[in-house]
1. Taking amide H atoms as placed 1.01 Å from N in the peptide plane, list the residues 5 or more away in sequence, or in a different chain, whose amide H sits under 5 Å from that of residue 123.
2. Explain nothing, just compute: Karplus ³J(HN,Hα) = 6.51 cos²θ - 1.76 cosθ + 1.60, θ = phi - 60°, for every residue of the range 115-128 in order, whole Hz, x for Gly and Pro.
3. Within 10 Å, count the other beta carbons around each residue, average over each peptide in 93-99, 48-54, and list them highest first.
4. Around residue 206, which amide H atoms from residues at least 5 apart in sequence, or from another chain, sit under 5 Å from its own amide H, with H modelled in the peptide plane?
5. Per residue of the range 62-75, what does 6.51 cos²θ - 1.76 cosθ + 1.60 with θ = phi - 60° give for ³J(HN,Hα)? Whole Hz please, x for Gly and Pro, Karplus curve as stated.
6. Would you mind ranking 58, 200 so that the residue whose beta carbon has the fewest other beta carbons within 10 Å leads the list?
7. With θ taken as phi - 60° and the coefficients 6.51, -1.76 and 1.60, list the Karplus ³J(HN,Hα) couplings across the range 215-221 in order, rounded to whole Hz; mark glycine and proline as x.
8. Counting Lys +1, Arg +1, Asp -1, Glu -1, what net charge surrounds residue 222 among other residues with beta carbon under 11 Å of its beta carbon?
Amino acid sequence: MVYAGAMTIGSQTTTGVIGYVRVSTEEQAGSGLGLGAQHTAITAECDRRGLQLLAIREDAGLSGKDLRRPALRHALDDLAAGQGSVLMVAKLDRLSRSVADAANLMEAASRQGWSLVALDLGVDTTTPAGEAMANVMVTFGQLERRLIGQRTRDALAQKKRDGGTLGRPRSLPGSVRQRIKHARANGDSFAAIARDLNREGVPTAQGGARWHPATVRKIVLT
């Protein structure tokens, strides 16, 4: 592929634009539904601004839930290598449905010296206004990552309070399961059964050393 000489857009210099398009279903990929409109929007914008369109990378029938897509990786590798310095998408959700992932891409663009243009949301890091919009999205992306992390920590803490442990679940020996159900059938409370198991140092199904009434109850009901 031959890349054009440098040109100016906004206050930056670029060697050209790499477009990226995506549809998420095989039906859309086969019919071309959506892909043609994205191609047209990118091509028209490059023509309008006098930009050299080097290539349009296409992922057909792939979800936008993460960034592990062949054509997108190809485009990002080209940009990181300096073969083009603008990544253009018709809609930001074609690039990623996650604000956090989009923010990560913007941060990578800043580090590597290329720009991102999303035509639908006014994200355009070649202009001051577009860069400001990108910074807002980066901020919300950081918030999303922190909220996900907090939810994960809260879930793990609750699991620990319920008597579970981290790591791969282990199976509870049949003899322990039978003992618990037999004790319950004899009228022992969940708390009493848990107290006896803890006193004898019987490990839980996950290998933990602490039984709780709620843990015992789950065994009895399964």
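Readers should treat all values here as calculations from the given coordinates under stated rules, not as data from a laboratory. Here the structure is a predicted model, which means the values were calculated and not measured. Because the Cβ atoms are built from the backbone with ideal geometry, glycine has one as well, and the counts that use them run over all protein chains shown.
1. 118
2. The phi angles translate into 10, 10, 10, 10, 5, 7, 10, x, 6, 7, 6, 8, 10, x Hz.
3. 93-99, 48-54
4. It is 170, by chain and number.
5. Couplings: 10, 6, x, 5, 8, 9, 8, 9, x, 5, 5, 4, 4, 4 Hz.
6. 200, 58
7. Calculated HN-Hα couplings, in order: 5, 4, 4, 4, 5, 5, 8 Hz.
8. +4
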